[in-house]
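Only one structure is covered here, and it is reproduced in the block below.
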Amino acid sequence: MENNTEKLIQDQFNSLPLDIKESIGRVPWRERVQSIAKREGLSDDKASVLETETTLILYGFLPPEEYQANIVREVDVDEETAERIIKEVTNEIFAEIEKQYELIDATTHLAKVEEKPVETPREMPKVTPTVPQPAPEILPEVVPGQTAHEVPHVEFKKEPLVSTPTYAAPTNPPAENTPKRPDLNLPKSDYTHGQDPYHEPLE
């Protein structure tokens, strides 16, 4: 019966993920369980039962919520002693195994990052611009010796944008058509000999 139990426990341990098995293997948890049992004054038989109950929790046979009740029932201790044992097991065993698990996980992740090949940037393909060619069916048919199209030559007369007005020079009218200037009826001088006695003659 004992051999069957040990085989069952070993098979359960082997089914655990590799990182969990390695974390448990890094911590001397069996020795620490015996040390805790000794501090609590447990007998060798009770210490062995405490080790079995701890194994069932570590290997995933039972949920952690049942640990305290199992210790009270199987180890045959009171609630206060069971609480102290659980506190010591948690601090010295469970917490240490969890710490090792985190270290293993971090190391594994770092190794994967280092092993990841560095991707070299891909060279962009060179694109040569092409000029679209017309389809052959839309090209004009050219007979050898002839031109495709004959374009007549047309000359355009250049005209100024703004027309310049032309002015005709005025011509002198005929003499006979020129009106005569009217005679001015100026008053005649009343001075003797036509001279102003108040003005000296100019030399």
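Where a number appears in this text, it was derived from the coordinates with a stated rule and is not lab data. Predicted model only: the values in this text are computed from it and were never measured. Here the Cβ is made from the backbone with ideal geometry for all residues, glycine too, and neighbour counts use every protein chain on show.
Among (1) over 51 Å from the mean Cα position of the chain (by Cα); (2) within 21 Å of Thr5 (Cβ to Cβ), which single condition is Phe61 missing?
Looking at each condition in turn, Phe61 falls short on (1).
Restricting the search to segment 10-58, which residues are farther than 16 Å from Arg84 by Cα and charged (D, E, K, R)?
Selection gives Asp11, Asp19, Lys21, Glu22, Arg26, Arg30, Glu31, Asp44, Asp45.
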